[in-house]
1. Can you compute log10 of I(q)/I(0) for the stretch A:3-105 with the Debye formula, treating each Cα as one identical point scatterer, at q = 0.10, 0.11, 0.20 Å⁻¹?
2. Which whole-number value in Å³ per residue fits the convex hull of the alpha carbons of the stretch B:43-157?
3. Hey, can you find the accessible area per residue of the stretch B:208-405 for me, probe 1.4 Å, expressed in square angstrom?
4. Compute the signed sum of charges (Lys and Arg +1, Asp and Glu -1) over the other residues within less than 12 Å, Cβ to Cβ, of residue A:62.
5. Once B and A are treated as a pair rather than alone, how much accessible area drops out, both sides summed, in Å² to 100, probe 1.4 Å?
6. Of B:115, B:30, B:67, which is farthest towards the positive pole of the stretch B:1-123's charge dipole, taken about the Cα centre with +1 and -1 on the beta-carbons of Lys, Arg and Asp, Glu respectively?
7. Compare A:147, A:65, A:263 in a GNM of chain A, Cα atoms joined below 10 Å, and give the one with the largest fluctuation.
8. Could you please put A:130, B:266 in sequence from largest to smallest accessible area, using a 1.4 Å probe?
Amino acid sequence: MSAMKKYKDLVEELRSYEGLASMFAEAAAGIDAAGDSEAIEAARVAHLGRKSKLSQLLRSIPELPNEEKPVVGKYGNKARAALEQALADRKKEIEGVQLEHRLATEQVDITLPGEPFPRGHLHIINQTLWEIEDIFAGLGYRIAEGPEVESDYYNFTALNTPEGHPARSSHDTFFVDGKEDVLLRTHTSPVQIRLMEKEEPPIYAIMPGRVYRRDSDATHTPMFHQIEGLAIDEHITMADLKGTLETFMRAIFGADRVIRLRPHFFPFTEPSVEMDVSCMICGGAGCRSCKNSGWLEILGAGMVDPNVFGFVDYDPDLVQGFAFGMGVERIAMLKHGMTDLRMFYDNDLRFIKQF
Amino acid sequence: MKVPISWLKEYVAIDMSAAELADRLALTGTEVERVLHVGLPVDDGNLDRFVVGRVKKKGAHPNADKLTLCEVEVGDGKVEQIVCGAKNFKEGDRTAVCLPGGTLPDGRKLEAAVIRGVESRGMMCSESELGLSSESAGIMILPEDAPVGTRLVDYIPFSDEVLELEITPNRPDCLSVYGIAREVAAITGAALAPEPTQDVEPRGGDSIEELITITVDDGELCPRYGARLIAGVRVAPSPTWLKARIVAAGMRPVNNVVDITNYVMWTLGEPMHAFDLAKIAGPSLNARRAGKGEKITTIDGTERKLDQNMLVIADATKPTAIAGIMGGAGSEVSDETTDILLEAANFNGPNVMKTEMALGLRSESSTRFEKGLDAEVVPKALAMASRMMVELCSGRLVPGEYDIYAEPRSEQAIHLREEKVTSLLGIVVPGAEIEAILSRLDFESHREGDSLHVTVPSFRADVEREVDLIEEIVRVFGYELIPPTLPSDVRVMGGLSPYQSAERKIALALTAAGINEAITYTFIAPDFADRLRLADDDSRRQVVKLANPLSIDQSVIRTLMLPSLLMSVATNLSMRNPDVNIFELGRTYHTVAGEKLADERRTVAGCLCGSLRGESWMHAGRETDYFTGKGIVEAVFSSVKGSFSVERCDEPFLHPGKSAYVVIDGKRAGYMGEVHPLVLEAFDIDKPVVAFEILEDALIASSAGIVIFEDLLTFPASFQDIAVVVDEQTAAEEIIRVVREAGAPLLRGARVFDTYTGDQVGEGKKSIALGLEFRSPERTLTDEDVDGARAAILAALGERLGATLRG
């Protein structure tokens, strides 16, 4: 709305003093006509500046006849305030238009890629390890670690696998040159022994790490990762093992997974089991990944063998517990669908950056 | 262990499919690798197309000299015309006939065909065509009583399903068909037939003791040695049914004598050996340890060196078998053999295992003995084998036998508490159920209050303790009945240790900086030390070496992370990955004099090659250099609130001018810098690489720990910039130290924001511009405060470093 229209009533009032109304009309028209910020400034100087007619009239009040003084004072200041407001309104109006124009012309191709901020990727094995660690941390487990160049005693003997035990031959062990009883650990289980030697029950711990076996093809790499779990307390049962594994599997593979235990043999647990999880690819109906069985073999577990307790001076009549161990690569492969184990260790960035 | 279903069914009445049985076995502890089919395919009525036939007429082929034209009766009065290439038969012989449409075990399908102008409707099969042997010299001739027209499979069991089982090492009793039958009976409740161990009557005059002397010198390694003599055998191919069984079990038929020993081993789990009596010097046999330097050539034709830890069966002059592992070529049964010494023995498992590992020689026999076998099977195996030799090799069992068994097995009994069953399993298994399960597994038990007194059968040497019995109970009872629970009284706290949390922070700082995590093999090629230009006396040449590496390239354990990472960089560059920025949280391994194990040092290391930010349409990538590496190392330290200083570095694998030691508390804890061009060349890398490697222990220990609050907000800081000119050799770190010391306590920050060398400052000089931040936690600083501090700083710089304010 133009200033003239907006202040129509004021103009009527201003007619009570000779010349004020036309002075106002002239100024208002000037403000209305200003098209940019410079014109606005010019209008301000012309109609409200020191040399403007209105300013001169207001400055001349002391010299006016007494009866005119209050009239000019009242209506002159009213007119001044109205013009100042009109000027501010017009200025805002013009700025609005200018801004709109600027925004309308400043258009980018929103489909161009963003500025590349560097982001590295954790290796998928480590991501999987962290996920498993966090699940067990939530169940009250600590994380323990141990050496990879290990003695025969911790890797085999103290795990109830003495020399000449048939279970040894399946391990394809790397031995250290020049030291008969030193080897690269074939599993993370020796950390159990080291932990139990050092500490008294209750123990709730998982033990991740690199392990080594002398084997290399699409499903075996000479180095891989295992994660071991150990819970030793007064009343730990096989039912607790089953519940713990079920909780873990649901956390990592989805809430609708079910597990089953199959009897197995490990020298360091008795009873020993293998745990299968219902296939997350076919939901248990049978597919290539589960060889049509509906089940995927995931890990080995069992109740810690009393002989193992013997090696670490625990009394099997006072404490009992379970242990389990799994291949981290296998979990990662099932979760993400890789089929060739060797890719994990080629460290090709095209592979690493996928995850 | 391959178990043909038809064989299994001889001993146990199975009333379920092979697939159902496989499931039941799997859930009770016998892993089933797969269910195979051997022999003739069964689909589409294929078995009906293989029949017993009789050659009615054998005549010449009109158009081919090498072929015969036959008329063959195939049952129901039908006669087919068949062209045959073999010659080894005559009219009246019975043979295996494949009728048109039949599919052979190898998948070939036979159709009626015209061969050299004459129609042939079927094929007379050889053993190899039927999958019964690897080669054969003609068609298969069946015994005269073979009923013409019968389906071949009803006569010879060679279309069979075979369970391929993975037997755990604690259950050598299951490495036998009868053992599996016993297991199947226990887990399904099916009826079990008695062991097939009926003996045979001896005949003739001289007894075995008069014909051969047998002794056992080492009763520890040979707890039991049994032997019998079979005289007058005729060594020949085995009958077809036996060959079919041997093939179905995954072995190779040899001759009747060898096949019988293998058949008995497969049935009862007891490996046997047959010696040619005529080739035993003495004749005498003795189970003794090998002498130093003794040798034997085994039946596979290999000469093997023996030592005193190995048990041999020796004749009067030399070892003639490696006990339980493999026989010697010298006493091997041949076609001329007439008298057979049959051995069934029990050998010490761990010793067999040691010997086979030392010799690198494993056999069906040794893989059983190594697990420790039941000595009670010895006489049963001798009985079964004797009977078969008499029946199938026309032999005569010589009266008498050897059975040297110094310490017969004593009965093994275990006390089983029901309460322990419950407390270990977390579920109550009713007492009656426990007794029933044990009884089905051949354990005898009687009740003593809340406990059971349990007697263990001889073939279950793996069951020694209460807990072993509990396992037997639960595996038959069923794991599916155990409820899932969680430990109910956890009284400890879980989670990551501060160290482990710090490790994660380091990894996250590195990924946040754009670096990708690699995981490399810890074993590398031994020439890494040369490639890294390590001096001859560099301690990092003292590596842990593998005795049995897979290859030379993976034969030593790294003492530095760098070679592993450089190899990954090279691989990635060869894959045309342009920017290779990788890190690894790993370990290096160092030998320690007098210590058995290695010193394993947790290390964070990285290699930067190319640009970190990557090229984009917005800007070109910036190649990494020393300062990129240092920035990354600073970020790593910052992630754990740690700090470090630097020292000029003389690592032979780094650029001498652009590398530094990372120093923590005056001790070197790693390095960072540009990799030496010669090293890059040695790793086939043609772009500059910046590397760093820091010991995690020191890095994490450098952490300032808990941050104590400092008021940075209440009173404003004052900022001043100064630029000073110093000698070009003066280190920036030195300047900052002087500034900090002189500016204390009001100076709270000093950072380099520019450096300059050139005409404006003159030769041998450089200018360094610093941004200074002054602050007091107690008040707002006045101009006089700041001016005073600034003047003190400039004075100290001038006095100590000869620095002048740049005009």
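1. Log10 of I(q)/I(0), two decimals: -0.31, -0.36, -0.95.
2. Numbers: hull volume 11.5 nm³, N = 115.
Spread over its residues, the Cα hull of the stretch B:43-157 gives 100 Å³ apiece.
3. Numbers: 6900 Å² over 198 residues.
Result: 35 Å² per residue.
4. Numbers: positive: A:59, A:69; negative: A:63, A:68.
Result for the local shell: 0.
5. On the way: alone 39830 and 19840 Å², together 51570 Å².
So the buried area, both faces added, is about 8100 Å².
6. Positive-end residue among those listed: B:67.
7. With Cα springs under 10 Å in chain A, the top fluctuation among A:147, A:65, A:263 is at A:65.
8. Values: A:130 40, B:266 10 Å².
The ordering from most to least exposed comes out as A:130, B:266.
The values are calculated or read from the model by the stated rules, or taken from the named source; none is laboratory data. No experiment lies behind these values; they were computed from the predicted model shown. Glycine also receives a Cβ, built like all others from the backbone with ideal geometry; neighbour counts cover every protein chain displayed. Just so you know, the surface numbers come from the protein's heavy atoms only, side chains and all, with ligands and any DNA or RNA stripped out. Shrake-Rupley method; radii C 1.70, N 1.55, O 1.52, S 1.80 Å.
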